[in-house]
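To keep things clear, I will list the structure first and then write my remarks on it.
The values are calculated or read from the model by the stated rules, or taken from the named source; none is laboratory data. Everything quoted here is computed from the prediction, not taken from an experiment. Neighbour counts are summed over all protein chains in view; Cβ atoms, including those assigned to glycine, are modelled from backbone coordinates with ideal geometry. Heads up: the accessible areas ignore ligands, DNA and RNA and are worked out on the full protein's heavy atoms, side chains in. Shrake-Rupley method; radii C 1.70, N 1.55, O 1.52, S 1.80 Å.
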Amino acid sequence: MSATIATRLDRLAISPTIFKMVTLISLGGFFEFYDIFLTAYIAPGLYKSGIFSPVSSNVFGLDNIATFIAVFFAGLFVGTLFLSRIADRFGRRTVFNFSLIWYSLCAIAMAFQTSSSAILFFRFAAGIGIGMELVVIDTYLSELVPKTSRGRVFAFNQLLSFSAIPVVALLSLFLVPRSFLGIDGWRWVTVIGSTGAVLVFIARRNLPESPRWLEQSGRRQEADRIMTKIEEQVQNETGRRLAHPSNTSGAQSPAQENPTTDCPPKLSPDAQVCLASEARSTTGNVSEGGSTSTRPQGAFREIWQPPYRRRTIMLAIFNLCQTIGFYGFANWVPTFLISKGITITKSLEYSLIIAFANPIAPLIGQIFAEKIERKWQIVWSALGIAVFGLCFSQQTSLPGVVTFGVLVTLSANFMSFAFHAYQAELYPTHIRAQGVGFVYSWSRFGGIIGSFVIAAVLKDYGSIGAFSFIAFCMIIVATVISGFGPRTNSLSLEEINRVHV
C-alpha cells in the first residue's frame, strides 16, 4: 500500500521550499489585511471630504461610516459563505488567484467614485473577493505544511499579514490629510493597496495546487508528481534523506480504508460516522493509472454530521462574537479618539503608534504556537481584549491611550493567528473550504451587526459603552471555545477529523 499525501507531508521539515510557498500565500494575506484595515485609517479623510460622517442622524444612512463598514462585511459574508466553497470544487490555487484579482479591480474602482452610493457598491464587491481569499488562504496553508508546524506557520502568515496595518497607517498619516494632483489622499491610499495585490498575483503563478486536495479529488498522479517534487527539493535543501512515511491508522487516508470493516473498534460512534462519511466521499472507480474516474464532492450537510456538527455550532457562535471584538477596535480606534475630542491629525498619529504593535503578537506567537494548546491561546486572548479594551475606554492621556491600545491590539492579533489555524484544522480536506467558509461567514454577519451597534452605543454612551459591548462578546468567545473546543496541537489533520480529541 503506497503512502498517502498526508503522511508524506507530515514528515517534511520547514525548508526554503516550504517557506517560499508559505510566504507567497501570506503576501496575498498582506494586501487582504491592508484593505480590511483600510477603513479605520481613511475614515478621517472620508469625513473631511464630506462623503461620510462619524455618526449621522440616521444610523442606516448612506452617509454613515457604519454603513461603509457594514457593506464591506456584507461582501465578506457573501464571499465567505456562498463562494468560498468553490475552492473545494475547483481547487485552492485557482480560487486563490481569481479572488485576488477580483478584489483588486473593485478596490481600484472604488477609489475613483465620488458618491457615497457608488463607493458603497464597490466596497461591497471588494468584500466578496476578500471573503473568498481569506478562507482559501487558511485552507491552503493548513494543507501544505506538516502537523508539527501548523501553529508556527499561521503565526508567520499573520506576521506578514498584520505588517500591512502599520503600512496603511503610515501612508494614511501622510496622505489622508492632504491632496495630491487634485486627488484626495484617501484615494491614493486605496489605489496603492490594490495595485500591490496585482503584483503579488504575478509572483504567485508558480504556486502548486494543494496535493491533499488533488488526492481527495481523484487526481492522484498529479498529486504524486507535485509531492515528489517538493520532497526532492526538501531533501536537497536539508541535506538529509527523508524518513520513510508510515501508514498508521491515525494518518492513513480515508480513501484507502473500508468504512465497514476497517474502522478501529475503539472509535466512538460519532467518529465512525465521520470516518465512513470521509471514505464514501473519496471513493470512486479506480482506473489502471491509479486515479479515480469520478470527482468526489463533499456535501454541505456533512458539516452537520458528528463530530462536525458540534464544531460547526461552536465555531459559528465564536465567529459571530469574535469579529465584534477584533474589528470593533481595529475599525473604530481613530473614531473613538475623535469622540474624546482628539483632532483628526492627532488621532491618526496615535493610531499609527498602536498600529505598529500589530505584527508583534504573531512574532511572539511563533515561539509559543506549538507549546500552548491552540484553544487556550484563543480563550486567554479574548479575555485580554475584554479587560484591556475596558481600560482603553477610560484613558484620556497619550501614555494611557497608547499603552492599552497596544495591549488590545496584541491580544486581538494573538487570537487571530490562533483561530485561523484552529478552524481550518477542524474539517476534513473534501469539505474544509466550505466548512471554514460557513463558520467564518458568521464573523462577517457579526461585523455587520457590530458596526451599527457600536455606532449607536458610541453615540449614546460613548467609548465606555462601546467597549462594554465588546467585552461581553469576548466573554462569550472564551466560554464556547473553552467548553467545547477540541485540542489540535501536533495532531495530523486526518487524526483531528476522524476521532474525538
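Leaving out ligands and nucleic acids, and using a 1.4 Å probe, what accessible area per residue does the range 80-177 come to in Å²?
Values: 2770 Å² over 98 residues.
Here the per-residue accessible area is 28 Å².
Just to verify a number: what accessible area does Val200 come out at with the full protein assembly present, 1.4 Å probe, Å² rounded to tens?
10
Output wanted: per-residue J couplings in Hz (rounded whole) for the range 394-407, from phi through Karplus 6.51 cos²θ - 1.76 cosθ + 1.60, θ = phi - 60°, x for Gly and Pro.
Each residue of the range 394-407 in turn: 8, 8, 10, 8, 4, x, x, 4, 5, 4, 6, x, 5, 5 Hz.
Please list the non-local residues whose amide H lies under 5 Å from the amide H of Asn64, H modeled 1.01 Å from N, same-chain partners needing a gap of 5 or more.
Under 5 Å from the amide H of Asn64 lie the amide H atoms of Ser53, each far enough along the sequence or on another chain.
Using 0.36 nm per residue, how much length does the chain from Phe472 to Thr403 gain when fully extended, once their Cα-Cα distance is taken away? Intermediate values should be presented prior to the final figure.
Working: separation 69, 0.36 × 69 = 24.84 nm, distance 2.17 nm.
Length gained, Phe472 through Thr403: 22.7 nm.
In what order, largest first, do Arg212, Arg301 sit by accessible area if the probe radius is 1.4 Å?
Details: Arg212 5, Arg301 165 Å².
My answer, sorted largest first, is Arg301, Arg212.
So for each of 233-241, 147-155 I average, over its residues, the number of other beta carbons within 10 Å; can you give me the resulting order with the highest mean first? Don't skip to the answer; put the middle values down first.
Details: 233-241: 12.9, 147-155: 24.2.
Result, highest mean Cβ count within 10 Å first: 147-155, 233-241.
Roughly how much of Trp102 is accessible, in Å² to the nearest 10, using a 1.4 Å probe?
Approximately 70 Å² of Trp102 is accessible to the 1.4 Å probe.
List the residues of the range 166-207 whose backbone N lies under 18 Å from a point placed 7 Å from the Cα of Asn236 along the Cα-to-Cβ direction.
206-207, by backbone N distance to the label point.
Among all the lysines, which ones have a C-alpha under 24 Å from Lys346's C-alpha, if same-chain residues fewer than 8 places away are not counted?
The qualifying lysines are Lys48, Lys459.
Could you work out how far apart the two model spin labels at Ile313 and Thr228 are, taking each label as a point 7 Å from the Cα in the direction of the beta carbon, and quote it in nm?
Placing both labels 7 Å along Cα→Cβ, they lie 4.8 nm apart.
Starting from the 7 Å offset along Cα-to-Cβ, what nm value, one decimal, do you get for the label separation of Phe82 and Ala243?
For Phe82 paired with Ala243, the spin-label model returns 4.7 nm.
Which distance in nm do the two modelled labels at Trp380 and Ala299 give, with both placed 7 Å along the Cα-to-Cβ direction?
Taking the simple label geometry, Trp380 and Ala299 are separated by 4.3 nm.
At 1.4 Å probe size, put Glu222, Glu231 in order of accessible surface, largest to smallest.
On the way: Glu222 55, Glu231 20 Å².
The residues order as Glu222, Glu231, largest area first.
Given the Cα-Cα distance of Ala13 and Thr396 and 0.36 nm per residue of separation, how much length would full extension add, in nm? Numbers along the way, then the final one.
On the way: separation 383, 0.36 × 383 = 137.88 nm, distance 4.90 nm.
Between Ala13 and Thr396, full extension yields 133.0 nm more.
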